[in-house]
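The values are calculated or read from the model by the stated rules, or taken from the named source; none is laboratory data. All figures in this text were calculated on a predicted structure; none of them were measured in a lab. As a convention, Cβ positions derive from the backbone with ideal geometry for all residues, glycine included, and neighbour counts pool all protein chains shown.
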Amino acid sequence: MKLKYVADCRQKGIACSASLDSVSMTRYRCKACGNVTRFDVTVSKKTKSFYHFSIGGDLRIESEEVLEETVDEVSCRWCGHSKSIERIEGLE
């Protein structure tokens, strides 16, 4: 599965065409309210990217490799709990 983040780049004013190849299939469930669809996830990443600047100065990120990724916090968007979140592994 590949997730494109072109929309994120466009919002920031950056032209990019890269996609993420390694996507974690971890899902979450809030034990407090039963939510399985809406979460605020704070992630720290260390990446290596190939930046391609045009002559006009426009940036295009042509590839990105995630070297390290850590989920710092997950909280439920519905009830705000962060202590009642459980991870559900391996769902597609």
- Task: Check segment 20-28 and report whether any residue there is more than 19 Å from Arg87 (Cβ to Cβ), at pLDDT 50 or above and of a type in the set (A, V, I, L, M, F, W, C).
- Result: no
- Name every residue in segment 32-59 that is in contact with a strand residue (DSSP E or B) (Cβ under 6 Å, 6 or more places away or on another chain), under 15 Å from Arg87 (Cα atoms) and either without any contact (Cβ under 8 Å) to a residue 24 or more places away in the chain or in a loop (DSSP other than H, G, I, E, B) (or both), in order of residue number. Asn35, Val36
- Item | Odd one out for Glu65 among (1) surrounded by 14 or more Cβ atoms within 10 Å (Cβ to Cβ); (2) more than 15 Å from Arg27 (Cβ to Cβ); (3) in contact (Cβ under 8 Å) with a residue 12 or more places away in the chain; (4) not aromatic (Phe, Trp, Tyr) | (1)
- Filtering segment 68-92 down to residues that are part of a strand (DSSP E or B) and of a type in the set (S, T, N, Q), which residue is surrounded by the fewest Cβ atoms within 10 Å (Cβ to Cβ)? Thr70
